[in-house]
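Structure first, commentary second.
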Amino acid sequence: MSIKEYLKQYRKEAVDINKSIKAIEERIQTLRAMQERVSSNISIVNVQKTPNNDRIADISMKILDLENKSLLKIEKLLDLQEEKGIEILIDTIDKELLKTIMYERYINLKKWKDVAKGVNYSESYVKELHGEILKKLRTFSYF
């Protein structure tokens, strides 16, 4: 397998995990908004157990469950990065600009246009630099 294929395969898996994390985080935000609406309907005088109090507890438990799922997905993403040696691979690059391009693309999982914007170069030039990086990495690694 070439280094290009290796990184492409890793990135696809990492992006899929990252999308799952973002979906969970969006659901948590939705539940928090619901929780606020329900809790604002509870009067200060009403301290007895009510359906609204039960609903808040249910939402709170669901939020905790989703937060735990999110943490597990984050751990899975970090484990994948470690297993594939992505940061170690990036650390073999000597120029900071090239290292930044790789870090943004493969650790922060940014799209090419966002990587290019972050380093103030055109997308086509960043992709050209990426190609050069891959050629250099072939000489330093087992690919």
| request: Select from the stretch 103-118 the residues that are assigned to a loop (DSSP other than H, G, I, E, B) and without any contact (Cβ under 8 Å) to a residue 12 or more places away in the chain and write down the one among them that is farthest from the chain's Cα centre (by Cα). | output: LYS111
| field | From the options LYS76, LYS136, residue that is part of a helix (DSSP H, G or I) and assigned by TED's automatic domain parsing to the domain that holds GLU13 | value | LYS76
| message | If I filter the stretch 52-60 for residues that are closer than 27 Å to SER20 by Cβ, among the polar types (S, T, N, Q) and within 19 Å of the chain's Cα centre (by Cα), do I get at least one hit? | response | no
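The values are calculated or read from the model by the stated rules, or taken from the named source; none is laboratory data. These numbers come from a predicted model, not from an experiment. FYI the Cβ positions are ideal-geometry reconstructions off the backbone, even for glycines, and counts take in every protein chain you see.
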